[in-house]
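**Q** I am attaching a structure below and will ask some questions about it afterwards.
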Amino acid sequence: MRMRAAVLEEFGEPLAVQEVELAEPRAGEVLVRLVACGVCHTDLYTASGADPSGYAPTVLGHEGAGVVEQVGADVTSLAPGDHVVTLFSPQCGECVHCVDPRTNLCMAIREQQNKGYLPDGTTRISREGDGVRHFMGCSTFAEYTVMPEIALAKIDPEAPFEHACLFACGLSTGLGAAISTAAVTPGSTCVVFGAGMVGLGAVAGCRLQGAERIVCVDLSADRLELARGQGATDLLEGGEGAVEAILAMTGGFGADYTFEATGNVAVMQQAVEAARMAWGLCTVAGVAGKGKTLDIVPRLLITGRRVAGSSFGGVKGRDQVPVLIERAMAGEIDVEPFISHRLGLDEVNRGFELMEAQDGIRSVIEFN
Ligand SMILES: NC(=O)c1ccc[n+]([C@@H]2O[C@H](COP(=O)([O-])OP(=O)(O)OC[C@H]3O[C@@H](n4cnc5c(N)ncnc54)[C@H](O)[C@@H]3O)[C@@H](O)[C@H]2O)c1
Ligand SMILES: [Zn+2]
Ligand SMILES: [Zn+2]
């Protein structure tokens, strides 16, 4: 079939919205009609050429929600009409990691996905016979996509698509960092560095876990106000004095749980240093630039602090994304404030500009 899609032709150039060809789903694959898709930093990171593992041409986008149109052979868990969220982090349910509750890092299709191919090593997207690669296994800046069944989470058909798509990446990452990776305990003190989509999700996750005190740290007063709306009890301007300020707020000890959601290694260091001696856990969700390293004085670890990393919030996508969406529908998570702009597919580059200007939390592309 023919469809419109936003293609990354050359790194550093605007995406080119154009008609491309999409082949039918093969065995284990599903054709999805996109209804909404968030614009994320990872899309921009690849488009800019900064990501050393990036490839082109490719159809970007990975925060999609839509409707199943057609299923390939052997697909048993999805049917036409089902509402789904796309998962750059799939869940095959069978690999060594999927069967272990300690991780969400499914190994089933990793290698081909990282190269821009579907699990059988080919692409369904093409242009005049030449393959166009699939980005993060998703390619959701397009009217339709073909994805593996194991990379789609079936959600409540009543969930609004423009809310649901945010659970495909940043929101679940933040919520999951608090709920799954750190498993924040009731009554605890938490500090979240960064109040973007991920940090705000972490604030909400700490609240849902019953944290008593949630300090949010950011450079932007507007974003800190959004954090208050998600449950932050204390707001702190980021910068050099942040650790001292947190120690002063916590009787000199630091927080039970800290979260880093900026991608800046200096802030990661602060998040480690702001964690409490004896049992403080620092969860790192930000993606640092290539070659950057995190500097930690080992004494901080000897005296009981721990550091954890969190990919997609440790969330096993097919099982847990639908649950997070249920909680949002039940009124436990206020999703609307995260959507700052609604754009058409033709305005996708405007979504990048808004993100670079830090104008709002998320632009959502709506297809109709
Ligand atoms: N682990 C994962 O699976 C995963 C998934 C999605 C995104 N990410 C990463 O998470 C990070 C955050 O993503 P986002 O979409 O929320 O980004 P964002 O840019 O919207 O938010 C980052 C926030 O950090 C703040 N900040 C910058 N410097 C700061 C400082 N010194 N102190 C305090 N705050 C500071 C900014 O003002 C901004 O509000 C990025 O690195 C992104 O790549 C990771
Ligand atoms: Zn993303
Ligand atoms: Zn798996």
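The values are calculated or read from the model by the stated rules, or taken from the named source; none is laboratory data. Since we're looking at a predicted model, the values are computed, not measured. Neighbour counts are summed over all protein chains in view; Cβ atoms, including those assigned to glycine, are modelled from backbone coordinates with ideal geometry. Side chains included, ligands, DNA and RNA excluded: accessible areas come from the protein's heavy atoms. Shrake-Rupley method; radii C 1.70, N 1.55, O 1.52, S 1.80 Å.
**Q** Using the structure shown, decide if V85 is in contact with an Asp or Glu (Cβ under 8 Å, 6 or more places away or on another chain), at pLDDT 95 or above and not in a loop (DSSP other than H, G, I, E, B).
**A** No: the conditions fail for V85.
**Q** Let me ask something else. Regarding region 277-284, can at least one residue be identified that is of a type outside the set (A, V, I, L, M, F, W, C) and out of contact with any helix residue (DSSP H, G or I) (no Cβ under 7 Å at 6 or more places or on another chain)? It would help to see each step written out before you state the result.
**A** So in region 277-284, the residues of a type outside the set (A, V, I, L, M, F, W, C) come out as 280, 283.
Okay, now just the ones that are also out of contact with any helix residue (DSSP H, G or I) (no Cβ under 7 Å at 6 or more places or on another chain), so 280.
Yes, some residue in region 277-284 is of a type outside the set (A, V, I, L, M, F, W, C) and out of contact with any helix residue (DSSP H, G or I) (no Cβ under 7 Å at 6 or more places or on another chain).
**Q** Among what's in region 56-84 and is of a type in the set (V, I, T) and open to solvent by less than 30 Å² (accessible area, probe 1.4 Å), pick the residue that is nearest to V198 (Cα to Cα).
**A** Let us first name the residues in region 56-84 that are of a type in the set (V, I, T), namely 58-59, 67-68, 71, 75-76, 84.
Still in the running and open to solvent by less than 30 Å² (accessible area, probe 1.4 Å): 58-59, 67-68, 75, 84.
Values: T58: 25, V59: 24, V67: 25, V68: 27, V75: 32, V84: 21 Å.
The extreme case among them is V84.
**Q** Would you please name the residue that is nearest to ligand 2 (Cβ to nearest atom), looking only at residues in region 140-195 that are among the small types (G, A, S) and farther than 28 Å from I109 by Cβ?
**A** Going residue by residue through region 140-195, those that are among the small types (G, A, S) are 142, 151, 153, 159, 164, 168, 170, 172, 174, 176-178, 180, 182-183, 187-188, 194-195.
Pick out the ones that are also farther than 28 Å from I109 by Cβ and you get 187-188, 194-195.
Numbers: G187: 32, S188: 28, G194: 14, A195: 16 Å.
Filtering region 140-195 for residues that are among the small types (G, A, S) and farther than 28 Å from I109 by Cβ, the one nearest to ligand 2 (Cβ to nearest atom) comes out as G194.
**Q** For E13, all conditions in the list (1) at pLDDT 95 or above; (2) more than 15 Å from Y144 (Cβ to Cβ); (3) surrounded by 16 or more Cβ atoms within 10 Å (Cβ to Cβ) hold save one; what is the number of the exception?
**A** Of everything listed in (1) at pLDDT 95 or above; (2) more than 15 Å from Y144 (Cβ to Cβ); (3) surrounded by 16 or more Cβ atoms within 10 Å (Cβ to Cβ), E13 misses just condition (3).
**Q** Any idea which of S340, S363 is without any contact (Cβ under 8 Å) to a residue 24 or more places away in the chain and among the hydroxyl-bearing types (S, T, Y)?
**A** On the way: S363 fails: without any contact (Cβ under 8 Å) to a residue 24 or more places away in the chain.
Within the list S340, S363, the selection yields S340.
**Q** I'm trying to understand the selection: among the residues of region 106-118, which are part of a loop (DSSP other than H, G, I, E, B), within 13 Å of ligand 3 (Cβ to nearest atom) and open to solvent by 60 Å² or more (accessible area, probe 1.4 Å)? Walk me through it before giving the result.
**A** Kept after step one, since they are part of a loop (DSSP other than H, G, I, E, B), are these residues of region 106-118: 106-109, 116-118.
This time we only want the ones that are within 13 Å of ligand 3 (Cβ to nearest atom), so: 106-109.
If the condition is that a residue be part of a loop (DSSP other than H, G, I, E, B), within 13 Å of ligand 3 (Cβ to nearest atom) and open to solvent by 60 Å² or more (accessible area, probe 1.4 Å), then M107 is the only one that fits.
**Q** Just give me the residues in region 51-65 being away from ligand 1 (no atom under 16 Å from the Cβ) and either in contact with a helix residue (DSSP H, G or I) (Cβ under 7 Å, 6 or more places away or on another chain) or among the aliphatic types (A, V, I, L, M) (or both), in sequence order. I'd like the intermediate steps shown before the answer.
**A** Within region 51-65, the first condition is being away from ligand 1 (no atom under 16 Å from the Cβ), and the residues that meet it are 55-59, 65.
Listed by number, the residues that qualify are A56, T58, V59, A65.
**Q** For region 286-321, give me the residue count where each residue is closer than 30 Å to I150 by Cβ, among the charged types (D, E, K, R) and in a loop (DSSP other than H, G, I, E, B).
**A** Residues flagged as closer than 30 Å to I150 by Cβ, among the charged types (D, E, K, R) and in a loop (DSSP other than H, G, I, E, B) within region 286-321 amount to 2.
**Q** While we're here: Report whether or not A168 is touching a helix residue (DSSP H, G or I) at 6+ places or on another chain (Cβ under 9 Å) and more than 13 Å from Q320 (Cβ to Cβ). Before you say what the answer is, go through the steps one by one.
**A** Working: touching a helix residue (DSSP H, G or I) at 6+ places or on another chain (Cβ under 9 Å): yes; more than 13 Å from Q320 (Cβ to Cβ): no.
So A168 fails the test.
**Q** Any chance you could count how many residues in region 66-91 are within 12 Å of L31 (Cα to Cα) and within 16 Å of ligand 2 (Cβ to nearest atom)?
**A** Selection size over region 66-91: 1.
**Q** Okay, next question. Which residue is surrounded by the fewest Cβ atoms within 10 Å (Cβ to Cβ), if the candidates are limited to region 18-50 and must be closer than 29 Å to P157 by Cβ and within 13 Å of ligand 1 (Cβ to nearest atom)?
**A** At the first step, the residues of region 18-50 found to be closer than 29 Å to P157 by Cβ are 20, 22-40, 42-43.
If we keep only those that are within 13 Å of ligand 1 (Cβ to nearest atom) too, we end up with 38-40, 42-43.
Numbers: G38: 28, V39: 25, C40: 25, T42: 19, D43: 28.
Out of the qualifying residues, it is T42.
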